[in-house]
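Worksheet: one structure, shown below.
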Ligand code: FNR
């Protein structure tokens, strides 16, 4: 039962494994190839030590933040993930509804079960959502979708740039001959000129998602993007890609100006409030949750809402235990990363 048996995000994954058809569970759970990056995403957080300060007043807490200037109750959000309908027939509507009730950001995938318009309609009045998009080779499709995204009220685009043209090889999922998340039709000739061309197709702010090197981070900054989204796609694309912890450290080492000039979001393997704290301390403004929301959705909106509240509780309590009363005070002085070998 959701309220008596489910106490953290890992419980939700176990429940989803028991409930879902094996091919659907595999399609959510899978990483690429050896799943080294998938595993590293989960394990990297155990290598970071958190500094907890006593002698601080944590009776008045602030965890609310802004993302691209929009107000949210928490600095974590529901990341874009395809085919929510495999967990529940309410599909992305439950994710939009739960995010809206909790006051957090949700950015649905362009490969969603429900239409752009249906997801928008499932939100609360005034709820701010972003939308993920790919650079499709089919320009007519692209222009049409961008128009519908804007017309439906979405406020920004997460433009996924890590699997443009070619997708990861997800063996675990392919065994079921049902790798439903393998989108076809991306433009493989995606270069800086295509990126510039894409920017002319919409007036919405664009946030490149899937940044994995400090060089690409700096390029995005130089091109004037308002934000970047550091991600290895949950280990589903390039196996061997570094974790977001490592990439954030690398950007800090080689292009620290990125953090002064743009917002940086990050995701990958975030399952505990403390994982989010680590990414925020390393410079992320907000942190995405991918699989946990998909798994929680086996119960529909109540499951996703419980996922959010359990995670928020871990996050809030751990901040208090660190002596941090305002989430914006988090910085590298709160983390010790000596166990991590720099890239
Ligand atoms: C994804 N992800 C993803 N990203 C994206 O930009 N467009 C998409 O359509 C999808 N689809 C998708 C499906 C499934 C089933 C998963 C698990 C993931 C990647 C997602 O946005 C995010 O980067 C990762 O899920 C983060 O890692 P965790 O939280 O799942 O470990």
Whole-number D in µm² s⁻¹ for segment 1-160, Kirkwood Cα-pair radius fed into Stokes-Einstein, 37 °C, 0.692 mPa s: 180
Packing rank of 91-102, 10-21, 136-147, where each peptide gets the mean count of other beta carbons within 10 Å, highest leading: 91-102, 10-21, 136-147
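Express the Stokes-Einstein translational diffusion coefficient of segment 72-178 in µm² s⁻¹, to the nearest whole number, given a Kirkwood radius over alpha-carbon pairs, 20 °C and a viscosity of 1.002 mPa s. Each step should come with its number before you reach the end.
Working: Rh = 14.6 Å.
Once the numbers are plugged in, D ends up at 146 µm²/s.
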Euclidean distance between Cα centres, segment 190-237 to segment 101-171, Å: 15
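Where a ≥ b ≥ c are the square roots of the eigenvalues of the C-alpha gyration tensor, would you call segment 299-343 rounded, which needs a/c under 1.5, or, failing that, prolate if a/b is larger than b/c, or oblate? Present the calculation step by step, with values, prior to reporting the outcome.
Values: a/c = 3.44, a/b = 1.74, b/c = 1.98.
Oblate, because a/c is 1.5 or more while a/b does not exceed b/c.
What ranking of 4, 164 emerges when the number of other C-beta atoms within 10 Å of each C-beta is taken as an exposure proxy, fewest first? Please report the intermediate quantities before stating the final value.
Working: 4 6, 164 21.
Fewest to most other Cβ atoms nearby, the residues stand as 4, 164.
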Order of 214, 299 - criterion: other Cβ atoms within 10 Å of each residue's Cβ, fewest first: 214, 299
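I need 222, 133 ordered by Cβ neighbour count within 10 Å, fewest first.
222, 133
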The chain: radius of gyration over Cα atoms, expressed as a fraction of 2.2 N^0.38 Å: 0.93
Segment 1-47 versus segment 244-321: alpha-carbon centroid distance in Å: 16
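For segment 127-251, what number results from the quotient of the Cα radius of gyration and 2.2 N^0.38 Å? Provide the component values of the computation, followed by the final result.
Details: Rg = 15.0 Å, N = 125, 2.2 N^0.38 = 13.8 Å.
Taking the Cα Rg and dividing by 2.2 N^0.38 Å, one obtains 1.09.
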Span per principal axis, largest first, for the Cα atoms of segment 210-255 (Å): 28, 19, 12
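Take the Cα atoms of segment 241-300, build their convex hull, and give its volume per residue in Å³. The partial results should precede the final answer.
Details: hull volume 4.9 nm³, N = 60.
Value for segment 241-300: 82 Å³ per residue.
Using only the Cα atoms, what convex hull volume per residue in Å³ does segment 173-310 have?
Values: hull volume 20.8 nm³, N = 138.
For segment 173-310, the hull spanned by Cα atoms encloses 150 Å³ per residue.
Each value in this text was obtained by applying a stated rule to the coordinates, not by laboratory testing. Bear in mind the structure is a predicted one, so any value in this text is a computation, not a measurement. FYI the Cβ positions are ideal-geometry reconstructions off the backbone, even for glycines, and counts take in every protein chain you see.
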